[in-house]
Structures are given as C-alpha cells and as structure tokens.
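The structure under discussion appears below in the form of structure tokens.
The values are calculated or read from the model by the stated rules, or taken from the named source; none is laboratory data. All values derive from a computational prediction rather than experimental measurement. Please note: Cβ atoms are built from the backbone with ideal geometry, for glycine as well, and neighbour counts cover all protein chains shown. To get the accessible areas, we keep the full protein, side chains included, count just its heavy atoms, and leave off ligands, DNA and RNA. Shrake-Rupley method; radii C 1.70, N 1.55, O 1.52, S 1.80 Å.
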Number of protein chains: 8
Amino acid sequence: MKAKTLATLAALTVIAGAASAQAVRTERNMSLDLANRVAANAVAACTANKYNVTATVVDRAGTVRAVQRADLAGPHTLEASRLKAYTSASAKNNTLAMMEGAQKNPGAANLVNIPGYLLLGGGVPVKVGDEVIGAVGVAGAPGGNLDEQCAIAALDQVKDLLK
Amino acid sequence: MKAKTLATLAALTVIAGAASAQAVRTERNMSLDLANRVAANAVAACTANKYNVTATVVDRAGTVRAVQRADLAGPHTLEASRLKAYTSASAKNNTLAMMEGAQKNPGAANLVNIPGYLLLGGGVPVKVGDEVIGAVGVAGAPGGNLDEQCAIAALDQVKDLLK
Amino acid sequence: MKAKTLATLAALTVIAGAASAQAVRTERNMSLDLANRVAANAVAACTANKYNVTATVVDRAGTVRAVQRADLAGPHTLEASRLKAYTSASAKNNTLAMMEGAQKNPGAANLVNIPGYLLLGGGVPVKVGDEVIGAVGVAGAPGGNLDEQCAIAALDQVKDLLK
Amino acid sequence: MKAKTLATLAALTVIAGAASAQAVRTERNMSLDLANRVAANAVAACTANKYNVTATVVDRAGTVRAVQRADLAGPHTLEASRLKAYTSASAKNNTLAMMEGAQKNPGAANLVNIPGYLLLGGGVPVKVGDEVIGAVGVAGAPGGNLDEQCAIAALDQVKDLLK
Amino acid sequence: MKAKTLATLAALTVIAGAASAQAVRTERNMSLDLANRVAANAVAACTANKYNVTATVVDRAGTVRAVQRADLAGPHTLEASRLKAYTSASAKNNTLAMMEGAQKNPGAANLVNIPGYLLLGGGVPVKVGDEVIGAVGVAGAPGGNLDEQCAIAALDQVKDLLK
Amino acid sequence: MKAKTLATLAALTVIAGAASAQAVRTERNMSLDLANRVAANAVAACTANKYNVTATVVDRAGTVRAVQRADLAGPHTLEASRLKAYTSASAKNNTLAMMEGAQKNPGAANLVNIPGYLLLGGGVPVKVGDEVIGAVGVAGAPGGNLDEQCAIAALDQVKDLLK
Amino acid sequence: MKAKTLATLAALTVIAGAASAQAVRTERNMSLDLANRVAANAVAACTANKYNVTATVVDRAGTVRAVQRADLAGPHTLEASRLKAYTSASAKNNTLAMMEGAQKNPGAANLVNIPGYLLLGGGVPVKVGDEVIGAVGVAGAPGGNLDEQCAIAALDQVKDLLK
Amino acid sequence: MKAKTLATLAALTVIAGAASAQAVRTERNMSLDLANRVAANAVAACTANKYNVTATVVDRAGTVRAVQRADLAGPHTLEASRLKAYTSASAKNNTLAMMEGAQKNPGAANLVNIPGYLLLGGGVPVKVGDEVIGAVGVAGAPGGNLDEQCAIAALDQVKDLLK
C-alpha cells in the first residue's frame, strides 16, 4: 500500500472531525461546598428514617469530593456508595433506572461487569440544567430504592444552588 | 447566588443534625480471646462432620481477629470465610439469609457485586444483646447451610460470654 | 517407578509434538498508524450519531496501541472499551456474538468471569485475511449493538489497508 | 464473667480437639517433572483437535508448577487455565462438575464469586489414590467440556506415575 | 509424639493466657459528628494558607468516616490523605515522626513497604486520654510538615470534645 | 459535652468557610481534539530522535483522553506514561522537577509511595494561563529528561491553542 | 531450521533432566494444631513485653494456617505479619537476616520489590531438620528485631514437636 | 480560535507523520516450542548448581509462553521470574544491566517504580539478530547475577534456532 494514500486518508479524517472542534473546553463542576451539603443532607435524610448510610459525592470526573459515614453504617457502605456515585456520574443516569434497564434487556445484562459500575439504587446525578456536574451515592438503607430516596431528598434541598 | 445565603443554609443544616450528636462513641467489640474460641469451635464443629473448613473471626469493623484453617481445607476457604465474616459484620445479618433475600428480590440481586460481599451461607454476626461486635465466617463444608451450622454451633458454645 | 521409563515417555511426547514446530514465528501485527485511524474513525462514527464514546485499539497481544475518549464520554468507557478490545483480540471473535453465545449456552455462562473479559457488544477483531492482528473496542453508546456498529464502520473505512 | 471459667472452657476445647492431632503432617505433592508432562500432554491433546490452549499445572497448594501456552492461544487463556487449576486443586473436584452443581443448586449459585474460583470446564484434580496432589487447568478450546477432555487425556497418559 | 502431651501443653498455654482475658471489650471510637468537624477544620486551616488539600478522618479501625477535598486539590490527595490517616490510626503515632524514625534507623527503613502505610507528614492520631480513637490525614500542602500543621490545628479546635 | 455547644461551633465553622464559596464551579478542561494533537506531537518528536515511546494525555481530573504507543515501544510505557501524566496533572508540576525535589529533600523522599505517582521525567502539565487543564506523559526514551523534551516540544506546537 | 533437529535436541534435554526425577514427591508440612500453638505462643511472648502484635503462621506453600491479632494491634499488623511469614517460608530464611543482607549488597537492594516480600524482622521459618515446613510472622512490636524475638520464643516452645 | 486553523494544523501533523507509515507490521515472535526449551534449559542450568528456581519465558509482548518451577523453588519465584522476563522484553535489555544503570544514575533511580518492572538480575532478552522476540526470567538463585548466568546458559543452548 502507498504511504501517500495513507496520508491523504488520514488528513481527510481529521479535517472532517475537526470542523467543530475546540481545543479548550469550558465546563461546570461540583464544589466542595456543594458536595458537603449534599453528603450531609443525604445522611440526615436516611438517619431520619433510622437508616445508617454512607453518602459519597463525586465530581463530573467521578472523583470523590466528600464522604460521610453514619455511626452505625458498615464499612461496605463506603465503597458501595462511591461506586453508585461514580456509576451515576459517568453514565449520567440514576443507578436504579440503570439496574432496571439492565434487568429487562438481555443485551445490557453484562453492564454489571464494567469496572467501576455498581447497578444498585442510590446513585443520582447532580445536574445544572442538562449538564451533569457530579453525582451522589447512598448505601446502607434496607433497599436501593430507599437509598435513592435519601439521595433525591438531599438534592432537592440544594436545588436553588444548581442554577 | 449569594455567599450569605449559602452560609445560612449550611449553618441550619448542621444545627439540625447536631442536636443529638456525641463526639466520642462508646462501643463493645470482639476480643482476641473470644475470637480464638469461636474460630476453634467452628473448625471443631465442622471437623466432627468431616468437613474441612477455615473459620475466620472479624471484629465490628470487619477486620480479622483470628483465623484457623483445617489441615485439608483448600486455600480458597481463607478468603471465602473472611468475606463471609466481613459481609455478616458489615451488614449485621447472616449471609445465608442475605443470599436468600437477594435471590427473591430483583432489586437486591446486584448486592453480590458490592466489594467485600460474599453472599453464601456461613457468615453469622456475633452479638451482645442487639449490638453486633463482630462475625464469624466458615467456608469449606459441602454447602453454605452446613457452613452456617458450624458457625452457629460455635457461637452457641460461647453464649454465656456474650452478655 | 523407574526414571528410565519416565525419560522415554517424555522423549516420545516431545518428539511427537515437535515434528512441525518452528522456533521463531512470523506474525502480522497492528501498527500505530492503523490504530490511530481506527480509533479516530470509531469515535467519529459514534459522534455522528451523538454517542459519546471511547475507542480503544489493541494489538494481537491485547495490549493498547491507541485510545481516544470523546469530550462527554464518561470515565468508565475507558476500561470498558479496552476490555472489549482485549476480549475480542484474545478470543478472535466479536464480543456481541460472544455475549449472545454465552447467554444461550449454560456451559458458557461463566465466561463472563474470565479475567480480562467483558461480554458486551462493541469489540471487533481486526483481521488481515484470517489472521487476527488486533481489535477495536467501543463503549459509551446507548447499547452494545450501537457500539459495535461504530466499530464496524471504523474498520470498513480502512479495509483497503488490511490486505 | 469470670476468667477462670473462660480458661477452663478453652482448655477443654483444645483438649477435645487435640486427641488425634499431629504437629507435622506428611503429604504427597506434584513434582516439576510430572507437571511438565501433564502440561505438554494437555496442549498436545488439544492441538491434535486444532484447539489453541494454555495448560497450567498447580501443586496441592494451588500454586503454579508449569505453564505452556500454544502459539495461537489468546492471552486470556493464561489466567483462565490457572484459575481452573486452582479451583480444582482447592475444591478437590472437576470444575465442570462444580459448574453444573452450582447451576442446579440455588444455594451454590454464588460460588462463582469466591476469589480464585472459575467455574468453567477444564480443571481436573491430579490424584494419587484419594489424595489430591494438584490439578491441571486447560483453557482455549471452543467449550469447557472440550478443555476438560484434553485435561483428562493428559492425565490418562501419566496414570502409571500416579501410584 | 504423643497426643496427650500436645493436649496438655495446649491447655496450659491457653490457661496461662486467659487469666486476665475478657471476652467482650469496651472501646471509645470516632463519631461522624467529630469526623466532620475535624475534616472541615483541617481543610479550612490549609485553605487559610492557600494550600489545596484533602482531609480524611478514619475511626480506630482505620476505616473512613469523613472526607473533604478542596476545590483545587488533585485527585492523588484522596488516597494520600487516607493512607496517612490509616497509618496514623493503626500505628498510633504521627506519620511525620514515623517517617523521621524510619529514616534514622536502618532496621525500620522498610516500614515504607507495609501495605497501607504512607510515611509522609500529615497523619495525626485522635486521642481521648491515651486511647487512640482514630486519626486525621491531610495531603496536598507543599510539604508534609505543612500538612501536619493543618491536622494539628484541626484537632486543637476540637480538644474540648475529646475528654 | 453539650449538643448545643457542638451545634454552635459547627455553625460558626461552616459560616467562616462559606463566605467566598460557590456551589457550582466553572473550569476549563482538555478536549479530545487537543489531546490527540499533543499525543501525536509527542510521539513524533520522540520518533524523530529514534525513541520509541507512548504518549498519554489526561484531562484536569487525571483521566485519560488520548493514548498513542509507537510501534516498538514496550508495553510498560503505557502505564509509565499514564502515571507521569496523572502525577503531573494532579500535582500541577513537571515530574522531572518533582523527582529532583524529592531527591534533595528528605521530607519528600516518600512522595514516590503515593498511589498514582511516578516520579520520573516526562510528565508535563498543560496550562491555559495559570490554570492546569491536563497533562501529557511520555515514556520510553532512554532517559526521563529526553521523555520530557518530547513532551515540551509537543506542547510548544499547540501553544496558540492554549489561550 | 529443521524440525528433526529440534525434536532430537528436545528429547535429549528431557532425558538428561529426567534421570533422577520422581513424579510424586513426599513432603512434610505444617498442621493446624502446630500453627495454633505457634501463633498463640508468639502473641503471648509479645504481650508479656506489652507489645500488641499479630502473629500469622503459614504452611510450606506460604498459605495461611492460623492468625491471631492482639486486642490493641493495629490492622496493618495483619498483612505485615502475613507477608513476613510468606517471605520467610518462600525464601527459607529469617526476614531480619534477609533485610540486613539486602542493605549490605547493592545487587540485592531491589529484593524489596518482589511481590509478596516484606523485608522487616519478624519472619522465621519453621523447620523439621533441614526441611522448611512453614513460617511464622510477627508484626506490631516497636522494632523488627523485637518481633523476631517473639517468633523465636514461640518456636522454642514447640521444638519438641518438630522432630 | 478558529476551527479551520485547527483542521489545517491537524492535517499537516498527520501527513508529516504518515509518509513512512505502514498499516500492518510483520514481526518475529517466540514460539511455545522455543519457550519450553529455554525454560527447561534455565531450570536445568540452575539445578546443576543446586539453585532451586523458576524460569518464565515471555513473548515480545511480555506475555507468558512457558513457566517451570523447580521442586524446592519458593512461590515468590513465580512472579519474580515473570516480572524479570517482562521487564527485559519490554525494555529490550538485561535486568542486571538495568539495575546497575539505575543505581548509578539518580535520574533513573525511580525506574523501580514502573508497574511491571523488577530490576534484579535474571531477565535476559531473546533476540533474532537485533529484533527482540521475547525474554526469559529466572528467580531463586542466591543472587541476581547467578540467576542471569542460568538465563544466559539457557539461551546459549538454543542459539542455532535464533537465526
């Protein structure tokens, strides 16, 4: 094969792709202040129902910003809540909805095997408009739907800050 | 948004949560002496039935206190028994009951994917009254229910110490 | 047992196996130039459908040659695409076909537990004739079959180079 | 509770268990010579059917003694064959039988989650009489039952050495 | 050797050890409320000096209770601060002092290789009297001694609670 | 201790910290287009000197955006280049300078033990003004200083885009 | 090159090696009974000096047989003692002597980087005559030489069983 | 900045790089037959000196082709020999020479921290002319230089096959 042909093909590929490209992106992201509020709210919402949980808040990259573990929450809730938050931030979806989707669709059953994913209710994205700027994960309540309720309640309390 | 509003919200959140807080907790926990007894009892109970097992005892944090591996127990029983004990101490429940619950409830099916969890019979919490102070995990018998029987027998022998 | 018998058996075994052996093999393999093209093509094909994906290209050993992650593709797509590519290069098959095969055949169900395997659509081998020289893995589209379509489109654009 | 009671209980426990104990055990184990033969035989048996496999032989502790990977066997076959061998040596059973057992018995379904276990056909114990001295694992054939056939054929060729 | 001798030895061993044993221990431990204060104080103390840090607080078992990562603290500060806290809680010592000790004493040089240890300044135990109930780890300041200063300042602010 | 005192302290802490807080941050970040250019430039700069390298570009979170491995670059260059890029993005500094600093300062010697850090020349931050938006890591040249030269040359070629 | 030559070479290689080979080995190994004694003795010896330690006993394969962690021994002592025992059993030497050797000999300095090795005093082989049948590792005393003293004392108490 | 400028730059970059590119490479690689010979030779050469070693042979990608562990070689020699072989194949150099280089050159001291590297004597590349097609790693002799001697002797016996 000819090197010249290779070069031409490559050049065309890049040109086609680059037309709308921008070298430096501007993004919105989670702050520590917001992360602390969401984590505290989530633990408090669950504590009010006598659920001992950990809440982990991650930024848009899925990296931890804040963690709070309730006094009687088992150690497994640390990693479980982090994974739910990571899953939710990375997939830009609630983990409960993702779990239900994977259970209905054979083609998605093995999503559970993606490293970093945990498909149990309790992970909810944090959004500013349509932009996902992070997520909260809650673990330790006696059911993933209950973990999710605490997460949603926590976000509801900060909705005025997400504008 | 205004910093002042943020600060006020935060202050209220913390105040609401702190009313019943206590900075330093008092907890009961597993001793090495108790851990050795439970591990020895569990191995002995299984040996009496010709089951070659490992018994691992963890404290309330899910961290190992004692391990005993019978002469013909395979190496996989080390980590299997530890995970059962960790799961049981962290979730404050028997692993056999947890497994059966997860198999009946689609929303809990993915509990098996939580790091540190192993949902097979043989993990049993160690309690003083209602307080979980650790757990024992047994692995190697030809069935999780049989592993659990050895664990329960082991705890039965120390019940007078758990008061 | 006799050492002489052992030696004779061994000698025969090796002789039988060695008749067609060759100490040094000649193989074809992926180049960086080709890997870059395939990765770029795959991202572009998905972007055209508004799917934010990562494309990873591996060589015949399953080792990474090129990675490109689209601006809104979550971090989980990095490892998911690499695992699909690795699985496809190592098994010399499409991951979508492997997934469907494992779902139909109970004897293959546990293939999902092989370290390095990810049985979700999106991994496609790169072949020169019948020889597999690597693979591309795509992750991030809303369905493994859609990931696979981007992978196939990417390879279609370089088919003239694979001769 | 009283320390004296504790001590008495403990002493009785140990005495009861120790009656038949022996401080130093005598065991039979796999040699490198045997491991090389079994690995070579297994690869040859599969090659004869045009299956490109890796064969791994472990000792009674589940630790590797010999590995051989055929020229076109994918890299995933290394760890897959080792895990099958480890599983088989540790559980003292064929992995194919273990897989089928786990699929029939809900109480055993989560055996697949034990660290080090891979429940796919191809792992077969190596025995001297009733004593398991190691195992062979084969991976890469288009079906675990076919991997097992190569393993069994390999062991059949050395049966005179296992006495 | 005789089983009877074995049993007698064992019984004596256990009796000797058990005289002062207690099956269930009473311990003091970190609360979430305290952990949140310490983490917030440590981040604030560093922020006042324009150091972007993560503060992690662990309980007496070395398990995380609270994490806060400042807005510009790099992701490596998460694990660095956690390891400093774990090291400090487990060894019951400041990590800065441990590092200096290891650098002076050849016999301790390889302490750096203990899994879970990170011998860099910034980990400080949290004590009630002489009892270590947890630790705080700080990472991200331009020097371990500066990380430690933030940790110490944070604990100084809660000293009235540690009685 | 009194809950009221606790609450007051906490409220004051948060108020003090929140005065300049902002719930949602605006940040600049690496694009795939930029990452591809930098990776290609770095490989080309090294290839011009007959160094076979991998170049990895990460975003401000330290997560991979693009990887290119030259045809004769060994597999270890994949992880080495990624770790250099991660280290550089997370610490906001050149890895060569960090290495030299750690070698001069005993208090920093153990920085090499921070998970994710690799203190070898070749990692260079990508900046827009003073803001670090990612980093490039190069590995495979016969010296970290040479890897760094390729990284710097690669960034020099895109400097007009970083404004 | 000719296949016939290959085969002949191979046959000779194997014949030369096999003359003294034996397919099945007979070995002595650690029992649980012995492991329990050694672990208990080691913890007791250290406790007598007010050192809070974990003692781990492994068999000749380096796999755990018994673990005992004293009531105030930090969690890091679990893995530290296991690694010392593994190192000692695998290298058939005291870890204190290995550490000192590595510190004197530049060619051995990087032994510390071998996976599974921990070159700190406290690991001591258990021997029957010249045959190493396992090892004990102790961690938690304020110095590796002190850990070793407890290990040696523990073995001294069982020397009559090691014949 | 303008998209058009970006596209032009990109096109030029790729064209410049592609002039000598080739999409599909032809490479020489290790065969199983050769790997078996080298591994057997290396173990035999060490056994002749009463060194109990493991020999691991990898292909040009650093992936295992054959492993043989002598009857008294400790389990740590498995991973040590593999890492030496991987290091040698990936860096295309003897590990003994690499270690000595890193010890003399401060800029290379941290090469020991590259994942997959083990800088101890005993890893030697396998070459056909100047092309590295794999490597052998030996571990277990009482000194890396002795491990290397066995590796070199093993390769010397197959030199006629490496043409």
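The table for this structure:
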quantity	calculated
Whichever residue in region D:43-57 is more than 14 Å from chain G (Cβ to nearest Cβ) and small (Gly, Ala, Ser) and, among such residues, is least open to solvent (accessible area, probe 1.4 Å)	D:55
Top-ranked residue in region B:23-38 [being in contact with a helix residue (DSSP H, G or I) (Cβ under 8 Å, 6 or more places away or on another chain) and outside any strand (DSSP E or B); ranked as farthest from the other protein chains (Cβ to nearest Cβ)]	B:38
Any hit, region G:98-107, residues being of a type in the set (A, V, I, L, M, F, W, C), within 18 Å of residue G:152 (Cβ to Cβ) and in contact with a helix residue (DSSP H, G or I) (Cβ under 8 Å, 6 or more places away or on another chain)	yes
Unmet requirement for residue A:122, which otherwise passes all of (1) within 14 Å of chain C (Cβ to nearest Cβ); (2) in contact with a helix residue (DSSP H, G or I) (Cβ under 9 Å, 6 or more places away or on another chain)	(1)
Those residues of region F:125-148 which are more than 12 Å from chain E (Cβ to nearest Cβ) and of a type in the set (A, V, I, L, M), in sequence order	F:126, F:128, F:133, F:136, F:138, F:139, F:141, F:146
Cross-chain or 6+ apart pairs with Cβ under 6 Å, region C:30-55 first and under 20 Å from residue F:53 (Cα atoms), then among the acidic types (Asp, Glu)	C:30/C:59; C:31/F:71; C:32/F:71
Filtered residues of region C:82-119 (kept if within 9 Å of chain D (Cβ to nearest Cβ), assigned to a helix (DSSP H, G or I), farther than 19 Å from residue D:119 by Cβ and open to solvent by 10 Å² or more (accessible area, probe 1.4 Å))	C:86
Residue in region E:4-19 that is modelled with pLDDT under 95 and not in a helix (DSSP H, G or I) present	yes
Where a residue in region D:80-99 is over 11 Å from residue D:138 (Cα atoms) and its partner, wherever it lies, is among the charged types (D, E, K, R), with Cβ under 6 Å and at least six apart	D:96/D:148
Complete set of residues in region B:140-163 that are on the phi < 0 side of the Ramachandran plot and assigned to a loop (DSSP other than H, G, I, E, B)	B:141, B:142, B:157, B:158, B:162, B:163
Residue that is most open to solvent (accessible area, probe 1.4 Å) [pool: residues in region A:125-155 that are among the β-branched types (Val, Ile, Thr) and farther than 30 Å from residue C:148 by Cβ]	A:152
Complete set of residues in region E:58-77 that are free of Cβ contacts under 8 Å to residues at least 40 places away in the same chain and within 7 Å of another protein chain (Cβ to nearest Cβ)	E:61, E:63, E:64, E:66, E:67, E:68, E:69, E:71, E:75
Among (1) open to solvent by 10 Å² or more (accessible area, probe 1.4 Å); (2) of a type outside the set (Phe, Trp, Tyr); (3) touching a Ser or Thr at 6+ places or on another chain (Cβ under 7 Å); (4) farther than 30 Å from residue G:112 by Cα, the one test that residue F:76 misses	(4)
Search result, residues across region C:120-133 that are assigned to a loop (DSSP other than H, G, I, E, B) and out of contact with any Lys or Arg (no Cβ under 6 Å at 6 or more places or on another chain)	C:120, C:121, C:129, C:130
Of all residues making up region H:58-73, the number that are basic (Lys, Arg) and open to solvent by less than 10 Å² (accessible area, probe 1.4 Å)	1
